[in-house]
Amino acid sequence: MTAGPPVSGNDCPFCKRLRAHEMLLASRPLAVGFADAFPVSPGHCLVIPRRHEPDFFALSREEQEAVWDIVWELRELLEAEHGTAAFNVGINAGAAAG
């Protein structure tokens, strides 16, 4: 599998949603969470850093902590709103990971 050209912050669909303040469910100075545009299941959410960086492991410790803070916040939100009892949390780091 070959990766396409790098996506810039201007072309990134997540950055576009962030700039539009589209359906933010949680917000921190370094990260945000929002509903997935094409949910796999009810309550499917995405958490992204505010800075355009496609590799989780290239984020600063503070950015990683902000991402995890929002994961916990969304967990509580989904439990309250959907009665969610189980969760899948995934990280795609690098082009080959998606």
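Every number here is computed from the coordinates shown, using simple stated rules; none is lab data. Keep in mind the model is a prediction, meaning the values are calculated, not measured.
Amide H to amide H distances under 5 Å link C45 with D36, where only residues 5 or more positions off or on other chains count and H is placed in the peptide plane.
Would you calculate a helix-derived [θ] at 222 nm for the chain, using -39,500 (n - 2.57) for each DSSP H run of n ≥ 4 and dividing by the full residue count, to the nearest 500?
Taking each H run of at least 4 residues, the total per residue is -9500 deg cm²/dmol.
The string of couplings for region 31-47 from the Karplus curve (6.51, -1.76, 1.60, θ = phi - 60°) is 7, 9, x, 8, 5, 5, 5, 10, x, 7, 8, x, x, 4, 10, 10, 10 Hz, one whole number per residue in order, with x for Gly and Pro. Scanning residues 5 or more positions from A31 or on other chains, those with amide H under 5 Å from its amide H are R50, with H placed 1.01 Å from N in the peptide plane. The relative contact order of the chain comes to 25 percent, based on Cα pairs under 8 Å that sit 6 or more residues apart.
Computed over the Cα atoms of region 13-84, the ratio of the radius of gyration to the Kirkwood radius (Rg/Rh) comes to 0.96.
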